[in-house]
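J.: Quick one: structure below, then a few questions.
The values are calculated or read from the model by the stated rules, or taken from the named source; none is laboratory data. Since this is a predicted model, take the numbers as computed values, not measurements. Glycine also receives a Cβ, built like all others from the backbone with ideal geometry; neighbour counts cover every protein chain displayed.
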Amino acid sequence: MQIAASMPAEDSKRRVLKDVFGFDDFRLGQAAVMEALLAGHHVLAVMPTGAGKSLCYQVPALVLGGLTIVVSPLVALMQDQVAALRLAGVAADTINSSLDRDANVAAWRRVAAGQTRLLYLAPERLMTPRMLEALTKLDVRLIAIDEAHCISQWGPAFRREYEELSRLRGIFPDVPIIALTATADETTRTDIAAQLFDGRVDTVVLGFDRPNIKLSIEPKQDSKRQLLNFVQRHAGRSGIVYCLSRKKTEEMAAFLERNGVRALAYHAGMSKDAREANQNAFMTLSGVVMLATIAFGMGIDKPDVAYVFHTDLPGSLEAYYQEIGRAGRDGRAAEAHMLFGLGDIRMRRLFIDDEGAPAEHKRRAHGRLDTLIGYCETAQCRRQILLGYFGESASPCGNCDNCLDQAPHADGDAEARIILAAITQTGERFGAAHVVDVLLGHETEKVLARNHHRLASFGTGVAHKKSLLLSLLRQLVAGGFLTLDSAGHGGLAVAEKGRELARGEASFRYRVDARQSSRGKIRPVDTAAGTEGLDSALLAALKAVRLRLARERQVPAFVIFSDRTLIDMAERCPRDLDAFAAVNGVGAAKLKDFGEIFLGAIAAHQSGLSG
């Protein structure tokens, strides 16, 4: 689609949004990001999962014309996005290792001829000398870098192939670059801004809060039985269950099936056809539970996911936040529930140690894991801890297990003060292991070399077990009393809140025997809001049509239309193409390709009712 050069940017981007993508208005933050790009600025956009990051560069790409390069780490995600754009009438291509040489050559010819508007590439393919030389000869107008946290050495998902992207600013000096991510704490955001943009960037950070998602954590005892009980409380609703291994996804899916639950597995070890079949079933049918590794979720836009359940500890607080963000996108009450056990911590530690990464990277990974464990163990409001990690403050939410169930906790002021004293006296630059050695009076080589055995705090924690002291340290970090220098050497320092505690101006409550305490019954989520009153039979018929079309075109079902669009279609029951064009998510190309088909399905359904 070509936009008149004389048309104001505001009008042109709104016209593209409606005519191509079928949406009447922008979501929060999208317009601000687009305006900055269209003004020629670099942008770092940190937007929660489901906030509509892709449109932030897809709309400007069509307004600007020329070629937009999109950097994405996952082949499957690139191919889904290209398929979705083509169905919307946008000339998009990808060149990647999963395609044969002829397909890649044909794609490049379209790019070189100026026919392609958006070209999706993996970072390692983009940054080859040959590709860069060829692209510098073309009319590149915009560069978008998805999953930008991968570029930061401080982030939890650092990828070496992303490092090279820092050269793009110099290679394309007049081209605006947008870096997008769903999860980046302040340290990671600062590093991305420095690496990619030399600090000269407009940063847009949307709020991280998803208040409709209840947060809860339960000690792991009998994970299969715990999962089944949870799923049965949410009978008839769709959910995602994350497991640590491929084998476990299949075992858990089989277990749920034996107990009358429609469950499917999804992991990278399955064939592409099997993965797509299960993904389409999850998108099309109601009440399906998807048992998955982290391979599942990116690019999936299913608004009615009622819960995300972790059978095992995620890799970091960032990963946890991104994964639970796939629940409750329709605004209805949803739940994020995790099982947490000692074995999970050991397994995650082994993963980090066996990674083959530099020692500094491993140290940071252990620090991030400690932060996640602190979140699991805390007696404070979980939402306060989670939002605080991303730099936001919040009042107690009233929608997490700690707020609702009042798990057993105790006054920890005295214990906290001896910990704060040890950290202060050792210079606020040592990690948890050394601080605990000082508290327990261990005369280690490191303690003796620094004369820390002569400190007043040496041995003041001998009345407590090492495991409790480590748990208290994690909870103090999680609660904002201590800060962890993740960008340095992992040293602990006393925060202002901790100084208030030391002066007796604040208090600290800690979870008692956090990993073994019983939880009590979990409150069922409220399912009253949402699609009540909707003709469920019509919605099912529309999903069946969508699945047939997806199979014919060999694309995932959500690429045809999202669930949101089908729900709006079922509510409106359009009778002609003009009315169909008003459905949320129906652009000009899809109106032409699919309008009559879905109108026929709606008419057939209504005729059956009247007959």
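J.: For the subset of region 366-380 comprising residues that are among the hydroxyl-bearing types (Ser, Thr, Tyr) and out of contact with any Gly (no Cβ under 8 Å at 6 or more places or on another chain), which member is surrounded by the most Cβ atoms within 10 Å (Cβ to Cβ)?
T.: Taking the candidates together, the pick is TYR375.
Listed here are the residues, each with its yes/no results for (1) among the hydrophobic types (A, V, I, L, M, F, W, C); (2) buried (at least 18 other Cβ atoms within 10 Å of the Cβ); (3) touching a residue at least 60 places away in the same chain (Cβ under 8 Å); (4) at negative phi.
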| site | (1), (2), (3), (4) |
| --- | --- |
| ARG326 | no, yes, yes, yes |
| ALA336 | yes, yes, yes, yes |
| LEU339 | yes, yes, yes, yes |
| ILE345 | yes, no, no, yes |
| ARG349 | no, no, no, yes |
| GLY356 | no, no, no, no |
| GLU360 | no, no, no, yes |
| ARG364 | no, yes, yes, yes |
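J.: Then there is this: Can you go through ALA557, ALA582 and tell me which one is in contact with a Ser or Thr (Cβ under 6 Å, 6 or more places away or on another chain) and of a type in the set (A, V, I, L, M, F, W, C)?
T.: None of the other options fit; the residue is ALA557.
J.: Another question about this same structure. Across region 2-34, which residue is modelled with the highest pLDDT among those that are closer than 24 Å to GLU186 by Cβ and either surrounded by fewer than 20 Cβ atoms within 10 Å (Cβ to Cβ) or touching a His at 6+ places or on another chain (Cβ under 7 Å) (or both)?
T.: Only one residue tops the list, namely ALA32.
J.: Kindly state which helices (runs of 4 or more DSSP H) lie completely within region 1-117 and contain at least 2 residues that are among the basic types (Lys, Arg).
T.: Hits in region 1-117: 9-19, 101-112.
J.: Specify which of the listed residues (ARG117, ARG141, ARG125) is in contact (Cβ under 8 Å) with a residue 24 or more places away in the chain, closer than 30 Å to GLU355 by Cα and of a type in the set (Lys, Arg).
T.: ARG125
J.: Which of (1) outside the structural domain of ALA336 (by TED's automatic domain parsing); (2) within 30 Å of ASP185 (Cβ to Cβ); (3) not small (Gly, Ala, Ser) does GLU392 not meet, given it meets every other one?
T.: It fails just one condition, (1).
J.: Give ASP191, ASP209 a once-over and let me know the one that is among the acidic types (Asp, Glu), assigned to a loop (DSSP other than H, G, I, E, B) and touching a residue at least 60 places away in the same chain (Cβ under 8 Å).
T.: Just a single option satisfies the conditions, and that option is ASP209.
J.: A follow-up question, please. Within region 292-310, can you find the residues that are over 19 Å from LEU77 (Cα atoms) and at pLDDT 90 or above?
T.: Across region 292-310, the qualifying residues are VAL305, ALA306, TYR307, VAL308, PHE309, HIS310.
J.: Can you pull out the helices (runs of 4 or more DSSP H) entirely within region 422-501 that have at least 2 residues that are out of contact with any Leu (no Cβ under 9 Å at 6 or more places or on another chain) and surrounded by fewer than 16 Cβ atoms within 10 Å (Cβ to Cβ)?
T.: In region 422-501, 445-449 are the helices (runs of 4 or more DSSP H) which contain 2 or more residues that are out of contact with any Leu (no Cβ under 9 Å at 6 or more places or on another chain) and surrounded by fewer than 16 Cβ atoms within 10 Å (Cβ to Cβ).
J.: Within region 551-567, work out how many residues are under 15 Å from ALA541 (Cβ atoms) and assigned to a helix (DSSP H, G or I).
T.: Residues that pass the stated criteria total 6.
J.: Identify, by number, the condition in (1) assigned to a helix (DSSP H, G or I); (2) among the hydroxyl-bearing types (Ser, Thr, Tyr); (3) modelled with pLDDT of 95 or more that SER166 doesn't meet.
T.: Failing condition for SER166: (3).
J.: For residues in region 361-411 being part of a helix (DSSP H, G or I), farther than 22 Å from VAL512 by Cβ and of a type in the set (A, V, I, L, M, F, W, C), which is modelled with the lowest pLDDT?
T.: ALA365
J.: Sticking with this one: Mind checking which residues of region 372-381 are touching a residue at least 60 places away in the same chain (Cβ under 8 Å) and closer than 12 Å to ARG348 by Cβ?
T.: ILE373, CYS376
J.: Are any of the residues in region 74-89 surrounded by 18 or more Cβ atoms within 10 Å (Cβ to Cβ) and over 23 Å from ALA550 (Cα atoms)?
T.: Checked region 74-89: no residue is surrounded by 18 or more Cβ atoms within 10 Å (Cβ to Cβ) and over 23 Å from ALA550 (Cα atoms).
J.: Checking PRO48 against (1) in contact with a Leu (Cβ under 7 Å, 6 or more places away or on another chain); (2) surrounded by 24 or more Cβ atoms within 10 Å (Cβ to Cβ); (3) within 19 Å of ARG27 (Cβ to Cβ), which test does it fail?
T.: (2) is the only condition that PRO48 fails.
J.: Can you tell me which residue is farthest from ILE597 (Cα to Cα) among those in region 530-548 that are surrounded by 14 or more Cβ atoms within 10 Å (Cβ to Cβ) and within 29 Å of the chain's Cα centre (by Cα)?
T.: My answer is GLY530.
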